[in-house]
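Taking it in order: structure first as structure tokens, then the write-up.
The values are calculated or read from the model by the stated rules, or taken from the named source; none is laboratory data. Given the structure is predicted, the values throughout are model-derived calculations rather than measurements. All Cβ positions, glycine included, derive from the backbone under ideal geometry; neighbour counts span all protein chains shown.
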Amino acid sequence: MSLINLIDFPTLGDERGSLVALENSNNVPFDIKRVYYIYGTAQGVARGFHAHKALQQLAICIKGCCRFVMDDGVNKEEIILSSPLKGLFINSMQWHEMYDFSADCILLVLASEVYDENDYIRNYESFIEGLPYV
Ligand code: T46
């Protein structure tokens, strides 16, 4: 199974411009409890380098672009997010790293739970040890 799970969002735009609607359990596969966004990332900075124990997320690059590397402990796949019409589903226990943020990048992230630092696995060896199949 691919590590890159993209969800397409229809644009509801008209001659005035574009509009995208994100809805719980419709085009977002979980109930949204938190929204955050990452912007103004300095050139050359990499972010992420963790997995979540239970959290599910959907990452949408609503402006600019950035590159995600997804890792299940066995395989790695990467994708460049550059469209407000595509969301990258980040499942629990998927190690992810983000690189190559454009200067104008705004990365919007929808999350299934409120912030909990205890849900993060920030050490790669601990991540591997926590996988049932490795
Ligand atoms: C993820 C990727 C895609 C909060 O206090 N509340 C929040 O909701 C978030 C997301 C972060 N924080 C604090 C925790 C750190 O002190 O903000 C600081 C920066 O967070 P972090 O270093 O985890 O940022 P990234 O870009 O490495 O990771 C973020 C999310 O934290 C993470 O869940 O999956 O984006």
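The C-beta contact set for the stretch 114-128 (first residue in contact (Cβ under 8 Å) with a residue 60 or more places away in the chain and farther than 11 Å from residue 55 by Cβ, second residue more than 13 Å from the ligand (Cβ to nearest atom) and assigned to a loop (DSSP other than H, G, I, E, B), distance under 7 angstrom, 6+ apart or interchain) comprises 127/73. Scanning the stretch 2-30 for residues that are on the phi > 0 side of the Ramachandran plot and modelled with pLDDT under 95 yields one hit, 25. Would you confirm whether or not the stretch 3-14 contains a residue that is aromatic (Phe, Trp, Tyr), outside any loop (DSSP other than H, G, I, E, B), touching a Lys or Arg at 6+ places or on another chain (Cβ under 8 Å) and over 18 Å from residue 115 (Cα atoms)? Within the stretch 3-14, none of the residues are aromatic (Phe, Trp, Tyr), outside any loop (DSSP other than H, G, I, E, B), touching a Lys or Arg at 6+ places or on another chain (Cβ under 8 Å) and over 18 Å from residue 115 (Cα atoms).
In the stretch 1-28, the residues that are small (Gly, Ala, Ser) reach residues that are surrounded by 11 or more Cβ atoms within 10 Å (Cβ to Cβ) and not in a loop (DSSP other than H, G, I, E, B) with C-beta atoms within less than 7 angstrom, at least six apart or across chains, in these pairs: 2/77. The set of residues from the stretch 40-76 being charged (D, E, K, R) and within 12 Å of the ligand (Cβ to nearest atom) comprises 47, 53.
Within the stretch 33-54, the set of residues being surrounded by fewer than 16 Cβ atoms within 10 Å (Cβ to Cβ) and either closer than 12 Å to residue 111 by Cβ or hydroxyl-bearing (Ser, Thr, Tyr) (or both) comprises 33, 34, 35, 36, 37, 39, 54. Are any residues in the stretch 55-110 buried (at least 20 other Cβ atoms within 10 Å of the Cβ) and touching a Cys at 6+ places or on another chain (Cβ under 7 Å), and if so, which ones? Within the stretch 55-110, 61, 66, 81, 98, 101, 105, 107 qualify.
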